[in-house]
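The values are calculated or read from the model by the stated rules, or taken from the named source; none is laboratory data. Bear in mind the structure is a predicted one, so any value in this text is a computation, not a measurement. Note: ideal-geometry Cβ built from the backbone for every residue, glycine included; neighbour counts use all protein chains shown. The accessibility values were calculated without ligands, DNA or RNA, using every heavy atom of the protein model including side chains. Shrake-Rupley method; radii C 1.70, N 1.55, O 1.52, S 1.80 Å.
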Protein chains: 2
Amino acid sequence: MSEKHQITENAQLPEPTLRRLPWYLAYVSTLRVANVEYVSTTRIAEALSVDPSQIAKDLSFLGIRGKTRIGYLVADLEETLVTFLGFRKRHNAIMAGAGSLGAALIADSGLQRYGLNIVAGIDINPELTGRKISGVEIFRPDAVNDLVRRLDAHIGVIAVPFESAQSVSDLLVAAGVKAIWNFTPSRIRVPEGIVISNTSIYSHLAVMYNRLSALDV
Amino acid sequence: MSEKHQITENAQLPEPTLRRLPWYLAYVSTLRVANVEYVSTTRIAEALSVDPSQIAKDLSFLGIRGKTRIGYLVADLEETLVTFLGFRKRHNAIMAGAGSLGAALIADSGLQRYGLNIVAGIDINPELTGRKISGVEIFRPDAVNDLVRRLDAHIGVIAVPFESAQSVSDLLVAAGVKAIWNFTPSRIRVPEGIVISNTSIYSHLAVMYNRLSALDV
């Protein structure tokens, strides 16, 4: 890294920082919508209940500097965060499993807005293959090698029944994807060098139910 | 419920344990589908890359005991986990925001299978109110007090644009929900005694993109 404005997109940031940056982005976008021009770390800290020194440290990874007493220009900070987080790029992905959750994820325009470009789906269900869901065509699983290469897909999103999660992941990795986004509650193993991200929606439900039952609801 | 099979559902479990239990459930269900009768902590440990002593400790919260050298009866362990995790009960919920993500969540039968029963939706968009999505009726936000009471909803699921997340959460809490499940990247503040669970799908994307960029993809 040289100078202070270089964005070191390729640096491996600490995961807690990476998880906080989208909160800052969401907040800063709210301010932009409300026509606020500048924002200080103190204000962000108050809004998000995060320690101000933590915010300053997190933002230092972006190579952006605020003005003393005034803070950051909202528009600049938003743009820097969007770019830094990779939301401006298009990341081609294959959706494995076009059932209820898979179809829902394909239909979610939010993912598109955050740079995830689902270019094709695969499913073993012959009633789904050949069909399109929100413009995304669903293929048989044995088409995956061709799809990954032809459509330049780097990410495999897994929303199949949990008992098939590992085998589908193996299929996607063999086809050449570099990252697996696992929406099943299964623990998936991937070879070294492959990125794995778990979004176990149902685990969050378990935590919430437990907390609720402690309230005696 | 008595003796060693007592399920202390109301205990506040450590969150890491609560997040691991659904992994065990997913694995054990896979074994049941494959007609496996018994499973040992060692086998679960190998399959999930979790320390066996950690698994034994986690499962001890369930008040279930395995047999020496044989392990747990798969069917018993599955049933105990499902019940303990609250997936067998119906938890009534209001979906706030019936746009892309909200509609997707309403349509996801997986949530239903894990006990989340979405009984109504609210949305400010007049084109959506009065309509049904997968059988769930969408109402105007000012109907929320009546909905929460009449439909006995304890959970509010938030999938509105991030700039409205806090005000919608306030509305739901004032109407009487005891838990907020937040799908927006916004940080939401709730009064003490209200359960908050954040599932920031897009934060996971940020982490994945960063890891991918470090691979130079």
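Go through the residues of the range A:101-123 one by one and say whether even a single one is in contact (Cβ under 8 Å) with a residue 60 or more places away in the chain and touching a His at 6+ places or on another chain (Cβ under 6 Å). Within the range A:101-123 (the criterion being in contact (Cβ under 8 Å) with a residue 60 or more places away in the chain and touching a His at 6+ places or on another chain (Cβ under 6 Å)), the answer is no, since none of the residues qualifies.
Conditions tested, residue by residue: (1) among the polar types (S, T, N, Q); (2) facing chain A (nearest Cβ under 9 Å); (3) touching a residue at least 24 places away in the same chain (Cβ under 8 Å); (4) on the phi > 0 side of the Ramachandran plot.
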{"residue": "B:ILE158", "(1), (2), (3), (4)": "no, no, yes, no"}
{"residue": "B:PHE162", "(1), (2), (3), (4)": "no, yes, yes, no"}
{"residue": "B:SER186", "(1), (2), (3), (4)": "yes, yes, yes, no"}
{"residue": "B:ARG189", "(1), (2), (3), (4)": "no, yes, no, no"}
{"residue": "B:SER200", "(1), (2), (3), (4)": "yes, yes, no, no"}
{"residue": "B:SER203", "(1), (2), (3), (4)": "yes, yes, no, no"}
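Considered as a group, the residues in the range A:153-175 that are open to solvent by 30 Å² or more (accessible area, probe 1.4 Å) and assigned to a loop (DSSP other than H, G, I, E, B) include one that is farthest from B:TRP23 (Cα to Cα), and that residue is A:HIS154. Being within 11 Å of chain A (Cβ to nearest Cβ), open to solvent by 10 Å² or more (accessible area, probe 1.4 Å), modelled with pLDDT of 95 or more and not in a helix (DSSP H, G or I), is that true of even one residue in the range B:132-149? No, that holds for no residue. Right, B:GLN54: out of contact with any His (no Cβ under 8 Å at 6 or more places or on another chain) and assigned by TED's automatic domain parsing to the domain that holds B:ARG140 or not? For B:GLN54, the condition - out of contact with any His (no Cβ under 8 Å at 6 or more places or on another chain) and assigned by TED's automatic domain parsing to the domain that holds B:ARG140 - is not met. Scan the range A:67-85 and tell me whether some residue there is out of contact with any Pro (no Cβ under 6 Å at 6 or more places or on another chain), among the small types (Gly, Ala, Ser) and under 22 Å from A:PHE183 (Cα atoms). The answer is no, given that none of the residues of the range A:67-85 is out of contact with any Pro (no Cβ under 6 Å at 6 or more places or on another chain), among the small types (Gly, Ala, Ser) and under 22 Å from A:PHE183 (Cα atoms).
Condition first: farther than 27 Å from A:ILE196 by Cα and modelled with pLDDT under 95. Can you find one or more residues in the range B:195-213 that meet it? Explain how you work it out, then say what you get.
If we filter the range B:195-213 for residues that are farther than 27 Å from A:ILE196 by Cα, which is where we start, we get B:195.
Pick out the ones that are also modelled with pLDDT under 95 and you get none.
No: zero hits.
Counting the residues of the range B:99-126 that are of a type outside the set (Val, Ile, Thr) and either over 15 Å from A:LEU205 (Cβ atoms) or in contact with a Pro (Cβ under 6 Å, 6 or more places away or on another chain) (or both) gives 12.
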